[in-house]
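Chemist: Below you'll find the structure I mean.
Bear in mind that the values in this text are calculations on the coordinates, not laboratory data. Quick caveat, the model's predicted, so the values are computed rather than measured. Positions of Cβ are backbone-derived with ideal geometry, glycine not excepted, and every protein chain shown enters the neighbour counts.
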Amino acid sequence: MTPFGGMSTELGLFQIGIRREALEANTSLDPSTDRVRVSIVGRARKRPLLLDRFFEVVPLDERHPDALAQSPRGEAVLPEGDSVVRKYVPPQQGDDVLLNGVITQRLGCLPTSEEFAGILQDLFRKRHVEDTENS
């Protein structure tokens, strides 16, 4: 969990930035593999896991000067326009933002939405076949 620092045009629509030093010192997230669900603390999550978007974590440094300025102490920075795409009330500066990387850490990687749906369909099919065979 980290405070919200602001928005930046330097980030893509499915990226969230955090100052590199804070990311390394305060989290176990690996930006090369982990993807996170982003929620604003105190607001109900309206999207089920299958429909939620996962964000790439961008370690902010001098290559992202605008976004880095929004994260002086490790605050989360969202892409400009994210609230239009995701249709939610954007967080205010200082709101706590929760970055949840449990799914990618447990799976080892995060499949695309289509791949994830396929994995679930396969699991349901196998269960259905087992149930049918045991009946």
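Chemist: Can you put SER32, SER71, SER39, SER8 in order, fewest other beta carbons within 10 Å first? Could the numbers behind the result be given before it?
Modeler: Working: SER32 8, SER71 25, SER39 18, SER8 22.
Fewest to most other Cβ atoms nearby, the residues stand as SER32, SER39, SER8, SER71.
Chemist: Let me ask something additional. Using the count of nearby Cβ atoms within 10 Å as a rough guide to exposure, how do THR27, THR2 rank from fewest to most? Present the calculation step by step, with values, prior to reporting the outcome.
Modeler: Values: THR27 18, THR2 21.
Going from least to most buried by this count: THR27, THR2.
Chemist: Order by neighbour count: ILE40, ILE16, fewest other Cβ atoms within 10 Å first, most last. Walk me through the numbers before you get to the answer.
Modeler: Details: ILE40 18, ILE16 24.
Final ranking by Cβ density, sparse to dense: ILE40, ILE16.
Chemist: Something else now. What residues qualify as long-range amide H neighbours of ARG53, i.e. H under 5 Å apart, gap of 5 or more or another chain, H built at 1.01 Å from N?
Modeler: Hits under the 5 Å cutoff: none.
Chemist: Gain in length, LEU123 to ARG73, computed as 0.36 nm per residue apart minus the alpha-carbon separation, to one decimal in nm?
Modeler: 13.7 nm
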